[in-house]
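No lab work stands behind these numbers, since they all come straight from the coordinates. Just so you know, these numbers come straight off a predicted model, no measurement behind them. Cβ sites come from the backbone with ideal geometry, for glycine too, and all protein chains shown count toward neighbours.
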Amino acid sequence: MITNKPNQQEQIRLLRSKLIHQEHVPERLLMTSTRGGEGKTTVASALGASLAAINCKTIVVHADLRERKEEAEMAHEKGLSDFLSGKLSKDQLIKQGEVGSNDVIHAGTATPFSTELLEGGAFHDLMEELKEAYDMVIVDGPPVIQVSDSIPLMAICDAAVLAVEHQKTREDEVLDVSKQLQNYDVKVLGAVMTKVKSF
């Protein structure tokens with residue numbers, strides 16, 4: 001986890017500070033990457049916890065609805081895909097955090113119809129409700145380059161942060177993703193270097 005070492009905790013605090021001191025603080029932040037396995041889910045969860053620690057009412061929405069490697073511990077949790085498929089009630093959807101911690105919506109059962117679910121009216125309505133109920137909605141989305149699911153998420157988010165894997169993610173890939181985000185008027189706030197070895 002990115003939060004179990006002091007220097008990594010400081011990176012998250014720095015990201016939090018940059019986020020909340022924007023001239024226009026985003027209400028819905030997309031956490032994404034160029035490809036899977038770069039650590040975006042870990043960063044999204046850590047940032048959500050960090051924001052909640054300063055009394056910023058935050059929810060992390062895990063919206064990568066296909067097969068996932070980074071959410072193994074949540075693999076059997078019902079969540080967003082189940083709700084959007086009509087198999088889960090809204091009351092069961094949001095996992096309430098303890099006092100001083102963020103709320104969570106798990107991705108739910110992996111589905112091949114993820115794009116259709118994210119483009120539907122139920123998802124749009126849910127995101128509008130979350131926007132009204134929380135100070136910050138962090139959307140843990142799929143990789144921009146690999147799948148089309150990121151398009152409906154880009155359409156509803158104000159800003160984005162990229163997870164960039166140390167010594168693996170290429171500069172041209174980052175520039176490509178940044179350009180795609182900007183095409184949807186999503187402000188790219190920066191990138192977080194992940195999987196950096198500490199000595």
Q: Taking the Cα centre of the range 12-154 as origin, work out the dipole magnitude from +1 charges on Lys and Arg Cβ and -1 charges on Asp and Glu Cβ, in debye rounded to 20.
A: 380 debye
**Q.** Ascending count of other beta-carbon atoms within 10 Å, so fewest first, for Met136, Met31
**A.** Met136, Met31
(Q) Give me Asp172, Asp64 sorted ascending by neighbouring Cβ count inside 10 Å, so fewest comes first. (A) Asp172, Asp64
(Q) Whole-Hz ³J(HN,Hα) for each residue in the range 29-37, computed from phi via Karplus 6.51 cos²θ - 1.76 cosθ + 1.60 with θ = phi - 60°, x for glycine and proline: what do you get? (A) 10, 8, 9, 9, 7, 7, 8, x, x
Q. Is the shape of the range 141-185 best called rounded, prolate or oblate, per the rule: a/c under 1.5 gives rounded, else a/b larger than b/c gives prolate, else oblate, with a ≥ b ≥ c the square roots of the Cα gyration tensor eigenvalues?
A. prolate
Q: Could you pull out every residue, at least 5 positions away or on a different chain, whose amide H is within less than 5 Å of the one on Val139? Hs are placed 1.01 Å off N in the peptide plane, and Pro or chain starts have none.
A: Leu29, Leu30, Met31, Val61
Q.
Starting from the 7 Å offset along Cα-to-Cβ, what nm value, one decimal, do you get for the label separation of Arg13 and Ala110?
A. 3.8 nm
**Q.** Amide hydrogen neighbours beyond the local backbone of Val188, cut-off 5 Å, H modeled
**A.** Ala160
(Q) Going through the cross-link list Lys57/Lys87; Lys78/Lys179; Lys57/Lys195; Lys95/Lys179, which pairs have a Cα-Cα distance over 32 Å in this structure? (A) Lys78/Lys179; Lys95/Lys179
Q: Report the paramagnetic label zone for Asn183: residues of the range 125-153 whose backbone N is under 15 Å from a point 7 Å from Cα along the Cα-to-Cβ axis.
A: 144-153
Q: Can you figure out the FRET efficiency of Gln22 with Lys168, using R₀ = 25 Å and their beta-carbon distance, to the nearest 0.05?
A: 0.30
Q.
Loop by DSSP (not H, G, I, E, B), at most 14 other beta-carbon atoms within 10 Å: where is the longest site-free stretch of the chain for trypsin sites (Lys or Arg not before Pro)?
A. 88-167
(Q) Based only on other Cβ atoms within 10 Å, what is the fewest-to-most ordering of Leu29, Leu88? (A) Leu88, Leu29
Q: Go ahead and run the numbers for FRET between Lys87 and Ala53, Cβ-Cβ distance against an R0 of 35 Å, rounding to 0.05.
A: 0.55
Q. Given H placed on each backbone N at 1.01 Å, which residues far from Glu165 in sequence or on other chains put an amide H within less than 5 Å of it?
A. Thr194
(Q) Eigenvalues of the Cα gyration tensor times 5, then square-rooted: what semi-axes does that give for the range 71-199, in whole angstrom, largest first? (A) 26, 18, 16
